[in-house]
Every structure is written in C-alpha cells, then in structure tokens.
1. Being over 25 Å from P183 (Cα atoms), of a type in the set (K, R) and not in a loop (DSSP other than H, G, I, E, B): is that true of K262 here?
2. Restricting to segment 173-199, and then to whatever is surrounded by 16 or more Cβ atoms within 10 Å (Cβ to Cβ) and touching a helix residue (DSSP H, G or I) at 6+ places or on another chain (Cβ under 9 Å), can you tell me which residue is modelled with the lowest pLDDT?
3. What are the pairs with Cβ atoms under 8 angstrom where one residue, in segment 117-139, is closer than 19 Å to D266 by Cβ and the other, located anywhere, is surrounded by 13 or more Cβ atoms within 10 Å (Cβ to Cβ) and among the aromatic types (F, W, Y)? Sequence gap at least six, or different chains.
4. Residues in segment 117-172 that are under 27 Å from the mean Cα position of the chain (by Cα) and either modelled with pLDDT of 90 or more or surrounded by 18 or more Cβ atoms within 10 Å (Cβ to Cβ) (or both): how many?
5. Would a scan of segment 137-145 turn up a residue that is in contact with a helix residue (DSSP H, G or I) (Cβ under 6 Å, 6 or more places away or on another chain) and assigned to a strand (DSSP E or B)?
Amino acid sequence: MENGYDLLEWLGPDASTSVFSYLNDPADLVRATTVSRSWRQFMMTNGLSKTLCTKLCPEVSYFTSIKELITSTKAKQDCSSSDKEWREHERDHKIYIYLSSHLVSPGGTNNCISRCIGASSTDNYPEEIIENTLDSTLSYWSSSGQVDPTVPESLTYQLNFDLGFVDKISIQPFKAFFQLDDPIYSSKYVRFKMGYSKSPNMSTNFKLDQGLLTADENYVWTYISPEFPMLQEDIQQTFRLPRPALCIGGVVKIEFLGRVQKQDMDDLFYICIRNVQVKGRALSPVLGVDLSEIKGGCVLKYCPTAWRAAVLDGYVASGTKVRRNLLQSFALTAWFWRWFVPLYILGIVCVFFPHFCREPSVVLNILE
C-alpha cells in the first residue's frame with residue numbers, strides 16, 4: 001500500500017475478486033490475509049477460501065452448510081449477535097483452507113476399507129463372496145457367469161471414515177491355477193464411485209438382497225472417476241486417481257466394465273477378484289459429515305473440541321496413532337519445569353542464603 005492507498009479499494013470488489021481467483025495454492029491465500037486487516041476481511045467475507053477449495057476439489061460443493069458443535073454453554077453465551085457473522089466467516093475460512101491444504105500437500109495413505117457392503121452378483125455362495133477380497137491369502141470373489149461380455153459387475157465397500165481423501169485403489173485379478181492354461185478373470189476397465197447411502201439403515205434392511213445394496217439409486221455419488229484400463233495379469237494393479245478425491249460418507253463402489261475371460265466348462269464370461277485395497281486417509285476428527293439431514297443436503301460438521309479429545313486419546317489429525325510414551329514424556333517435562341526446578345532453586349537459596357528463607361513471600365515467589 002503505497003502513499004496510504006489500499007490496492008483493494010483502488011481496484012474495486014469485482015476486479016479484486018478476479019485477481020485473487022488466480023491464486024491456486026492455499027498458502028498464497030493465507031499469506032494474502034496477513035497483508036492487512038482490510039485484505040483479511042475482504043477474503044473472508046467473500047468466501048475466497050471456499051472458492052479455491054471448490055476449484056481444487058469439486059466434491060466440496062455438496063456441502064450445503066456447516067454445523068458447528070459447541071459443547072460449552074459459556075462459549076455460546078460469549079458469542080454476541082454482533083460478531084456472530086464474522087465468527088462464521090473466520091470458521092469457514094479456516095475449514096476450507098484446511099481442506100485445500102490436504103489436496104495440494106497429501107500425506108501418507110494406507111488401506112482404509114472397514115467392511116464389505118455387497119457385490120452385484122456372486123457365483124458360488126458363500127465360497128466366493130466379496131469378503132474374500134479383503135485378504136489376499138483367502139480365496140477370491142467371483143461374479144455370476146454371463147453370455148454377454150458387456151454386462152458390468154461391481155463391489156461396494158465401507159471405509160473406516162465418513163470424511164477423508166482417497167488417492168489410489170489397488171486391485172488384483174484372480175488367476176485360476178486349477179483350470180486349463182491358468183486363465184485370469186480380469187475386466188477390460190474399472191471405474192470408481194464415492195459417496196454416501198441415502199438410507200443410513202439400508203445395509204440392515206436389505207441384508208439378503210445384494211442387488212439393493214449395490215444399486216446406484218440408493219446412493220449419492222459425490223465423485224466418479226474416469227475409466228482405467230485393466231491388465232489381464234495376476235498382479236496387484238494400482239490405479240491412481242487424477243487428484244485426491246474427497247470421499248463424503250465413506251462408501252466406495254468399484255465397477256468392472258467389460259469381461260475378457262470365458263470359462264471353458266460352461267462357455268460363460270466371469271470376473272474374479274483376489275484382493276482390493278483403497279488407499280486413503282481420514283481427515284481431522286474436528287471435521288465430519290452429518291448424514292441425518294441428507295434430504296436437505298450434506299452438512300459438514302465442525303467440532304473444535306474434538307482435536308483436544310483426539311490428542312488425549314492418542315490420535316492426531318491424520319488419523320495415525322501417537323506414541324503414548326511421547327505424550328508421557330511431554331507430561332513429565334511439564335512436571336519437571338513446574339515443580340522440580342523451582343524446588344531445586346529453593347533448596348540452593350536456603351543453603352547459601354538462609355536469611356531469605358525466613359521471608360514467606362520469597363518462598364512463594366519461587367514456587368510460583
């Protein structure tokens with residue numbers, strides 16, 4: 001700001017918004033908010049962090065609102081009506097910057113499948129069920145046979161989080177060593193869908209009907225990947241998404257498009273999968289999804305106190321467990337500086353300067 005002029009006032013709100021829209025890194029947006037109070041206010045009131053986050057991750061547009069969970073009654077009373085709107089702007093800015101930073105700086109990932117929801121079909125039940133794909137040392141999943149090789153199949157899984165990022169999926173086709181020429185029952189292409197169930201109790205209501213468990217009309221898919229070609233090889237094939245996808249609801253559906261292998265004994269096409277892994281990571285426990293209001297849209301939950309509870313329970317924002325001995329060392333260090341050091345100093349004073357110890361105020365000042 002030269003000669004006391006604010007660049008935003010000189011450009012005007014429309015031109016300023018257009019200029020800031022060229023920022024593609026959340027770190028640049030954070031630095032811009034530190035320039036001045038007017039810049040910070042302009043960015044937060046105009047929702048520029050949400051605009052950037054939506055550009056990097058279109059799935060964010062499915063959040064219709066943010067619900068803040070405040071457990072303290074005092075916190076609710078302290079928030080007056082005059083600064084409530086500004087407090088919401090600050091909260092939204094912090095949340096969307098946090099989501100954007102995870103997109104541009106991805107952390108470590110691991111297999112995050114919690115359980116199986118269902119398969120579009122199963123050939124021999126229960127020997128060839130979808131649960132076999134969770135452990136490569138077990139058997140395999142097999143679809144039912146089809147005359148038409150274009151009939152698709154799908155496997156649907158529930159992840160161990162309701163809000164997190166997924167960046168790659170690994171699939172290993174099954175090689176039938178017990179058949180002539182060791183055929184591999186892969187598919188031509190694979191495609192991935194992520195989202196949440198329209199009915200929270202659907203898995204219990206349709207427990208015996210696999211078709212209802214995997215039908216698209218029972219889910220809201222917030223992300224659909226492009227089609228990836230699949231090799232007809234007995235290896236763990238990793239399909240990396242074009243960008244880390246925000247999985248809202250924790251449901252992943254893997255679609256197998258096109259059949260390539262026919263079984264000689266019945267002259268039907270099959271798809272058989274040995275192992276499936278969904279690589280991703282959960283977001284901070286501070287953020288979650290409220291699926292109880294899915295009719296009115298997807299609600300993003302924000303609980304500021306969840307971080308403290310997660311650290312006390314031995315967890316951090318990335319979902320990885322903190323070593324408890326590290327937490328204990330922090331506690332011992334705090335105890336050391338709070339009590340041992342003052343008592344040690346008091347002992348030295350009492351030995352070399354005994355006349356000072358006769359004054360209670362001196363002792364209390366050292367201990368404080």
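1. On the way: over 25 Å from P183 (Cα atoms): no; of a type in the set (K, R): yes; not in a loop (DSSP other than H, G, I, E, B): yes.
Spelling it out, it is not the case that K262 is over 25 Å from P183 (Cα atoms), of a type in the set (K, R) and not in a loop (DSSP other than H, G, I, E, B).
2. Ranking the candidates gives S197 first.
3. T122/W141; D123/Y270; E128/Y140; E128/W141
4. If we filter segment 117-172 for residues that are under 27 Å from the mean Cα position of the chain (by Cα), which is where we start, we get 117-120, 130-136, 153-172.
Filter again for either modelled with pLDDT of 90 or more or surrounded by 18 or more Cβ atoms within 10 Å (Cβ to Cβ) (or both), leaving 117-120, 130-134, 153-172.
Residues that pass the stated criteria total 29.
5. Residues of segment 137-145 in contact with a helix residue (DSSP H, G or I) (Cβ under 6 Å, 6 or more places away or on another chain): 138-141.
So of that shortlist, the ones also assigned to a strand (DSSP E or B) come out as 141.
Yes, some residue in segment 137-145 is in contact with a helix residue (DSSP H, G or I) (Cβ under 6 Å, 6 or more places away or on another chain) and assigned to a strand (DSSP E or B).
The values are calculated or read from the model by the stated rules, or taken from the named source; none is laboratory data. Keep in mind that this is a model prediction, so the values were computed, not measured. Ideal geometry is used to build each Cβ from the backbone, glycine not excepted, and the neighbour counts take in all protein chains shown.
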